[in-house]
Amino acid sequence: MVTFLAVLGVLVGIAVVIGVIANTIDAEGEMDPVTLQKTAERLEPVGAVYTDASQVPAAPAPKASAANAARSAEDIVQTVCGACHNSGLLNAPKIGDAAAWAERKKAAGGLDGLVTAAINGMGSMPPRGGDASLTDEQVRAAVEAMLK
């Protein structure tokens with residue numbers, strides 16, 4: 001029993017010494033404010049749960065770049081739409097196939113329906129053909145260019 005109490009006393013003494021050393025090291029200097037800020041940013045939650053619609057912050061409007069605004073309909077067709085519509089990938093109507101486009105246009109309810117489907121996505125086609133930076137007007141111009 002004496003040996004057990006002696007070993008326990010030594011272990012408690014070592015724990016106290018380690019605690020004192022740790023407090024001394026921590027108390028020697030304050031952390032750099034930049035380090036504190038970075039640590040706080042890393043500890044922020046990834047997301048939030050909102051139970052009321054009024055708590056949800058408004059999403060910032062996407063910024064349109066000057067280069068995106070200057071894109072022509074033909075450029076959009078070649079760089080975005082052409083990936084599927086040049087080859088007919090995944091049943092996409094091919095550019096130049098008037099019968100397939102007439103069928104799609106009729107099924108969508110005309111040009112406006114076809115443009116709406118291109119903006120919102122249809123079947124395996126993602127919204128805006130996969131380029132979220134395109135405006136509604138650019139999508140309309142690209143659809144009209146593919147119909148010609």
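No value in this document is a laboratory result; all are computed from the given coordinates. Predicted, not measured: the structure shown is a model, and the values here were computed from it. Using ideal geometry, Cβ is built from the backbone for each residue, glycine included, and neighbour counts are taken over all protein chains shown.
Give the order of S54, S133, S72 when sorted by the count of other beta carbons within 10 angstrom, beginning with the fewest.
If I rank by nearby Cβ atoms, fewest first, I get S54, S72, S133.
Evaluate E = 1/(1 + (r/R0)^6) for L147 and A83, where r is the Cβ-Cβ distance and R0 equals 22 Å; express this FRET efficiency to the nearest 0.05.
Efficiency computed from Cβ-Cβ geometry: 0.80.
I want to check the label-to-label distance for L90 and S124. Put each point 7 Å from Cα in the C-beta direction and report it in nm to one decimal.
In this crude label model, L90 to S124 measures out at 0.6 nm.
Please compute the modelled spin-label separation between E41 and I14, points set 7 Å along Cα→Cβ, answer in nm with one decimal.
4.1
Quick one: L111, L43, L8, fewest Cβ neighbours within 10 Å first, how do they rank?
By the 10 Å Cβ count, ascending: L43, L8, L111.
So for I21, I76, fewest C-beta neighbours within 10 Å to most, what's the order?
In order of increasing Cβ crowding within 10 Å: I21, I76.
Treating only the Cβ atoms of Lys and Arg (+1) and Asp and Glu (-1) as charged, compute the dipole magnitude of the range 72-147 about its Cα centre; round to the nearest 20 debye.
Computed charge dipole of the range 72-147: roughly 260 debye.
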